[in-house]
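Written below as structure tokens is the structure these notes are about.
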Amino acid sequence: MPTSRLTQNPLKLTFGFTIICLLGCSVAIAQLKIAKLKYNGGGDWYANKTALPNLIKFCNKELGTSILAEEDVVEVGSPALFDYPYVYMTGHGNVVFSADEAANLRNYLIGGGFLHVDDNYGLDKFIRLELKKVFPESELVEIPFTHPVYHQKFDFPNGLPKVHEHDGKPPQGFGILYQGRLVLFYSYECDLGNGWEDQRIYNDPETKRQEALKMGANLISFCFTSN
């Protein structure tokens with residue numbers, strides 16, 4: 001795989017994440033942000049516009065985090081990718097990573113970053129191909145229900161909640177592990193992001209929205225404390 005121009009010391013990234021990942025710390029941490037991933041290929045990377053602000057509000061209340069109220073947008077190949085401990089990716093359609101973008105994303109993930117890919121129905125066949133550019137030596141594997149990602153503040157003994165039906169398949173959480181660390185979590189047949197949206201958008205029952213937000217908070221908590 002081509003070498004990215006962002007081959008700075010990954011310890012810088014990991015060190016920064018360690019500082020900001022102290023949940024419950026009494027010291028205020030300035031400029032703690034999360035981001036949505038902007039990618040090429042024509043897919044609607046911008047979907048779920050109210051999702052992350054709602055998740056941020058929930059996490060700040062329930063986890064005691066100090067995340068800025070609005071997410072940033074970051075491109076796959078941008079040096080700014082390294083500024084965010086958690087990056088969210090969603091959409092319904094096509095995704096294309098260039099060689100440089102794939103290398104940049106790989107460096108981000110192995111250096112301490114965390115990517116949450118959330119299939120918004122239609123992303124699956126595209127994202128699986130593109131992730132092979134990022135980790136050609138690794139496969140997406142189903143994450144067992146015993147994994148800590150399901151057992152942070154909120155307990156999900158049966159894995160991901162089912163927010164929207166789509167094809168009626170059970171929700172599945174896949175991931176990529178690098179040297180034993182979960183660097184990427186892929187929520188499939190679940191629609192977590194839709195569950196985070198304003199209630200008026202999908203008219204989901206509040207119980208479903210709360211399940212989705214709690215699982216999202218688990219992902220944020222895991223990301224902050226596992227690096």
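Read-outs throughout are calculated quantities, based only on the coordinates presented, and are distinct from any laboratory measurement. On a predicted model such as this, the values are computed, not experimentally measured, just so you know. Glycine gets a Cβ as well: all are built from the backbone with ideal geometry, and neighbour counts include every protein chain shown.
Structure summary
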{"read-out": "Rel. contact order, % - alpha carbon contacts under 8 angstrom, at least six apart, the chain", "value": "24 percent"}
{"read-out": "Student exercise, the chain dipole from Lys, Arg, Asp, Glu Cβ charges, in Debye to nearest 20", "value": "480 debye"}
{"read-out": "Of all DSSP beta bridges in the chain, antiparallel share, percent nearest 5", "value": "40 percent"}
{"read-out": "Fewest-first ranking of 98, 78, using other Cβ atoms within 10 Å as the exposure measure", "value": "98, 78"}
{"read-out": "Positive minus negative residues near residue 218 (Lys, Arg vs Asp, Glu; Cβ under 12 Å)", "value": "-1"}
{"read-out": "Separation of the residue 46 and residue 72 label points, Cα + 7 Å toward Cβ, nm", "value": "1.9 nm"}
{"read-out": "Most mobile of 199, 179, 210 in a GNM of the chain (Cα contacts under 10 Å)", "value": "179"}
{"read-out": "Surrounding net charge for residue 203, when Lys and Arg each add one and Asp and Glu each subtract one, Cβ distance under 15 Å", "value": "-3"}
{"read-out": "Fewest-first sequence of 73, 134, 96 by Cβ atoms within 10 Å of each Cβ", "value": "73, 96, 134"}
{"read-out": "Gaussian network model of the chain, Cα within-10 Å springs - most flexible of 79, 136, 161", "value": "136"}
{"read-out": "Of 61/214; 153/214; 38/61; 36/153, those spanning more than 18 Å from alpha-carbon to alpha-carbon", "value": "38/61; 36/153"}
{"read-out": "Fewest-first sequence of 117, 74 by Cβ atoms within 10 Å of each Cβ", "value": "74, 117"}
{"read-out": "Max mean-square fluctuation residue, GNM over the chain, Cα-Cα springs under 10 Å, options 204, 155, 167", "value": "167"}
{"read-out": "Three-way shape label, the stretch 118-227, alpha-carbon gyration tensor, a/c 1.5", "value": "oblate"}
{"read-out": "Cβ-defined net charge surrounding residue 40, 9 Å radius [Lys, Arg +1; Asp, Glu -1]", "value": "-1"}
